[in-house]
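A short write-up of the structure that comes next.
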Amino acid sequence: MARQIQLTRATLRPRRPVPGMGVLDPSVTRMRVRPGDLDFYLHVNNGTYLQMMDVARSNHIADVGGFPLLGERRWYPVVAAQTVTYKRSLTLGQAFEIATRVVGWDPRVVYLEQLFTRAGRQVARGWVAGRFLTRGSGERVPAPDAIALLDAGAVAPELPAGMAAWADAVGVAHRG
């Protein structure tokens, strides 16, 4: 529940934009493991990682100054698919970072990578396929339109082969 409150705050009262930051630049979110993050085995619960990733993606939008722009158009982000690979555990009190970066996009979906690190070592990696919808109608916003709103100069890099294969396998990749 505490991470849900943190997400609400990160979205409704976002941090200040980072001057000059583009949508392709990494955004860093720093956190510390709290008692409510832990499971029975005393490491961060796998579902909590997803909530932490939500907070970090909201911070990425805030860093590029996106919330006022999205709000004017009534657009909001949703997750279409995600996967997480875990390498090490996070335990109570440990400080860590989540680096969130847009890896690319197609006509439908924006692809992000979210790296969890502690003391310079990778803890977990998440891949996220996100979409933007219009509040009220639920109409899908083409990913290039959302990216252009957040960073008019951004040019879509080629999606890494592994992520493209994942997007195709989970059925979110643009077909056409």
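The values are calculated or read from the model by the stated rules, or taken from the named source; none is laboratory data. In this text the structure is predicted, and so the values were computed from the model without any measurement. No Cβ is skipped: glycine too gets one built from the backbone with ideal geometry, and neighbour counts run over all protein chains shown. Protein only, heavy atoms only, side chains kept; ligands, DNA and RNA dropped before computing areas. Shrake-Rupley method; radii C 1.70, N 1.55, O 1.52, S 1.80 Å.
Output the residues belonging to segment 43-65 that are closer than 18 Å to residue 122 by Cβ and of a type outside the set (Ser, Thr, Tyr). Spell out the reasoning first.
Looking only at segment 43-65, we keep the residues that are closer than 18 Å to residue 122 by Cβ, and these are 43-44, 46, 48-50, 52-53, 56.
Correct list: 43, 44, 46, 50, 52, 53, 56.
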Notebook entry, point to check: Under the condition of being over 15 Å from the mean Cα position of the chain (by Cα) and of a type in the set (A, V, I, L, M), which residue from segment 55-75 is least open to solvent (accessible area, probe 1.4 Å)?
Noted result: 70
Notebook entry, point to check: Got at least one residue in segment 5-15 being open to solvent by less than 60 Å² (accessible area, probe 1.4 Å) and at pLDDT 95 or above?
Noted result: no
Notebook entry, point to check: Considering 42, 24, which residue is under 18 Å from residue 113 (Cα atoms) and either polar (S, T, N, Q) or surrounded by fewer than 19 Cβ atoms within 10 Å (Cβ to Cβ) (or both)?
Noted result: 24
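Look at residue 54 and say whether it is touching a helix residue (DSSP H, G or I) at 6+ places or on another chain (Cβ under 9 Å) and without any contact (Cβ under 8 Å) to a residue 24 or more places away in the chain.
Working: touching a helix residue (DSSP H, G or I) at 6+ places or on another chain (Cβ under 9 Å): yes; without any contact (Cβ under 8 Å) to a residue 24 or more places away in the chain: no.
It is false that residue 54 is touching a helix residue (DSSP H, G or I) at 6+ places or on another chain (Cβ under 9 Å) and without any contact (Cβ under 8 Å) to a residue 24 or more places away in the chain.
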